[in-house]
Structures are given as C-alpha cells and as structure tokens.
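Structure, as structure tokens:
A short reminder: the numbers here are calculations on the coordinates, not readings from a lab. All values derive from a computational prediction rather than experimental measurement. Note that we place each Cβ from the backbone using ideal geometry, even for glycine, and neighbour counts take in every protein chain shown.
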Amino acid sequence: MWNRRRIVRLRGICALAAAAFLCGCAGQEEPDDIVGIETDEEGISYEFGEAQVTDVVCTQRVTCKFRQMDEQEVSFPMGGRRVDRLYVAEGDKVKKGQLLAELSSLELERRIEDLEYGIQRNQLRLEYLDANEDIAVSSLWVDYLYGSGQGAGKEALDQRVEQLKEGNRYTREDLSDTIEMDRKELEELKQELASSRVYAGMDGVIYDLKENLVGSTSQMGEVIMTVMDTSVSLYEAQAPALAGYFKEGEPVSMTISFGDGAGNYLLLPWKMDQWGDTQIFEVSEGPEQAATEVGTSGIITVVTDSRQNVLAVPTAAVKNAGEKHYVYVLGEDEVREMRWVETGLFGDSLVEILDGLEEGEKVILK
C-alpha cells in the first residue's frame, strides 16, 4: 500500500511533468503558479533565508603588492678593503646624510693626521721665516741709521738685505713646495676616506642588508643594502581590464591577511593619468602599524556592479533550470514547494529578485 508520502511525491512529479509539457508548447509561457511539491522525512530541519530589500553588490578581487616611492642602492666605490664598521640593521629608519658603513681606514686616518700636522708645521715655519726675515732686515736698517752701517753707504745696505732674502728664498720655496705636495696627497687621501664610507642619500628604511658584512672584503659596486623611501605607502596592481572601475578620489578597500601590517586599508588611486598595465594606489587609511615591507601582498576589492534598495535573497537559495531560476519555500503542511523567480544581478552573497517573491518571505537555503 502506498503511504501519503508516496502519493504526494507522485503528485509533485506529475506537476513537474505538466510544467515541462507546457514549456514545450510553441509560443506558450509557463504559468507563474506552477510549483513542484515534495514531502520529506519527518523531523528534517531547514536553514532559511529571507527576501529583504537591501543592496546587491558584485565585486572582484585584485592582488596588489607594496612598492616604495624611491630607493637608493648602497655600495662601496672601491674593492679589496675590509668592511670595518656597520652602523645600521635591517629595518632601521635613517636620515639623509647618516653614516651607514665604512671600510677599514685606521692607517688612512693616521696618514691624514700626519699630513695635516706636517702642513701646519711647515706653514708655521714659513711664518717664522718671514717674521725672522723682517726682524733681520729691521736690524740692518737700525744699524744703518744709528750705527756703524751708515758709513758703508746705502748700496751696501741694499746688498746685505738682498743677500739675506736670497738666503731665505730657497728655504721658503722648499717649504712651500712641501706644503703644496702634502695638500694634494691629503686631498687624495680624504677622497679615499670618503669612498670608504657610505651614507644615506635620502630618508628611508634599510632593506636587503647583506649578511655577515662586517669583516668581509668589499667588492666595488656590489649592493650591500638598500634605503627605501616609505614616506608614501603605495600598492601596485596589474589588472588593466578592471582599471575603468576605479575613480579619481574614490577610495577602495584592501585587506592584508598576514604579517605585522595585517588589517583593513583604504586606498586611493594614485596618478591615474600614468596608469597602463600597472595601477598604483596610495594608502589613505590603515592600521597604526602599517605594512612597509616590499613585496607585502594585499587584496583590493573592486565593485564591478551594484543595485541599491532592491529585493534580494541569499545566493544559496537560488537554483537554476536551464536559463530559468527557482527557489524553494515551505508551503502548506510544511511541504517544500518550488517557485519560479525572475532574477536580476547576481552579487557576491545576494541575488536580486525581480518577480516571484514578496518581501519577508522565507526561502530554503539547505
């Protein structure tokens, strides 16, 4: 004997068959009141959603990466020297002109000190020479005017003065030549000393610091660290097909899931007139500990379509039969019924319902 469940299920099957027959008739629309009816095992429970007036939003996700505004690759301009000191660590913030590292320069500094001392000493000797010469010339004049020298005549005085100056001329030239040579060498050594020290050319943060740098031998032109300008936080995406969805001055949301800077951000399009295959965004709002590590990835959410204040149900409630859509509702006697609906925009979590449901009606999700 058939029980009530089998009879009702059979009626449901018949109703579906009738619906299929009507759909197959040329030029005839399927009546809106045709529904499928099924019964279910006693005690089964459903998860429901509700038809509500709300906004339906359709988005796409775009991967973006942190990039720096500017950077300085730091290297020693000479090779073959021992790296003696390192004054920064990975992630340190530095100021323009700050000393970062230097090569061994103790002997160089000692030679510079010796040259500076020698130049000062010889300059002082020149000053003494000039002063002593002036004193000697004055003594000759005093002797000429007030002593026995006047008897010898003015020509004799001039001759003695010239002999005195001639004797000092060679000493003066030797001292001057020595000073000039020492100055040239000092300038070369100072340039060499400057080349053994590297400085930050900009404000920024230290990245990609070479490991075990202290004690190693310098290689001319080898990048030992990078100073990156993080004053402006920029993110780079490569989604030219979606570029048209972004508007100047309109913020978009971005999420970073991992790392110290994890959290939700608001980005603004940056220099859109320069966009091409790459799109750049500037952070306008974000966590206090914002991500500043190059290569950090985030997800930008792009709104590609939306409907405001429309009737909608959760996407899980909408089923499809070919090009048509339907939902399940509970009818009389708690019987699950299939109802055809006309749909609009399929959003991320909601589907716009144009016809077939009323606000507040319950639909079965699962």
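Residues Y146, Y199, Y87, arranged from fewest to most other Cβ atoms within 10 angstrom of their Cβ, appear as Y146, Y87, Y199.
Over the chain, Cα pairs under 8 Å with separation of 6+ residues give a relative contact order of 29 percent. Taking every alpha-carbon pair under 8 Å whose residues sit at least 6 apart, the range 105-195 reaches a relative contact order of 50 percent. Comparing A239, A89, A316 in a Gaussian network model of the chain (Cα springs below 10 Å), the most mobile by mean-square fluctuation is A316. Backbone amide hydrogens, once placed in the peptide plane, bring G347 within less than 5 Å of E352, excluding anything fewer than 5 places away on its chain. Bridges between two residues of the range 258-366, per DSSP, are antiparallel at a rate of about 100%.
Taking amide H as placed 1.01 Å from N in the peptide plane, S233 has its amide H under 5 Å from the amide H of V283, each at least 5 places away in sequence or on another chain. Given K65/K96; K96/K190; K247/K362; K96/K247, which pairs have Cα atoms separated by over 30 Å? Going by Cα-Cα distance, K247/K362; K96/K247 fall outside the 30 Å limit. Scaled against the 2.2 N^0.38 Å expected of a compact globular protein of N residues, the Cα radius of gyration of the range 105-195 reads 1.64.
Residues whose amide H falls under 5 Å from that of T296, counting only those 5 or more places apart or on a different chain, are F66, with hydrogens built in the peptide plane. The helix-only estimate of mean residue ellipticity at 222 nm for the chain, built from DSSP H runs of length n ≥ 4 each weighted as -39500 (n - 2.57), is -10500 deg cm²/dmol after division by the residue total. Between I179, I299, I280, the GNM of the chain built on Cα springs shorter than 10 angstrom shows I179 fluctuating the most.
Give the shape of the range 73-147 as rounded, prolate or oblate, defined through the alpha-carbon gyration tensor: a ≥ b ≥ c are the square roots of its eigenvalues, a/c under 1.5 means rounded, and otherwise the shape is prolate if a/b is larger than b/c and oblate if not. Prolate, because a/c is 1.5 or more and a/b exceeds b/c. Across the range 166-182, coupling constants 3J(HN,Hα) worked out from phi with the 6.51/-1.76/1.60 Karplus curve, θ = phi - 60°, read 4, x, 7, 4, 5, 4, 5, 5, 4, 5, 5, 5, 4, 4, 5, 5, 5 Hz, and Gly and Pro carry x.
Considering only alpha-carbon pairs that sit under 8 angstrom and 6 or more positions apart, the relative contact order computed for the range 212-359 is 17 percent. Distance from the alpha carbon centroid of the range 241-303 to that of the range 65-89 works out to 29 angstrom. The HN-Hα couplings worked out from phi for the range 103-111 by the Karplus form 6.51 cos²θ - 1.76 cosθ + 1.60 (θ = phi - 60°) are 7, 4, 9, 4, 5, 5, 5, 5, 5 Hz, whole numbers, x standing for Gly and Pro. Comparing S176, S75, S216 in a Gaussian network model of the chain (Cα springs below 10 Å), the most mobile by mean-square fluctuation is S176.
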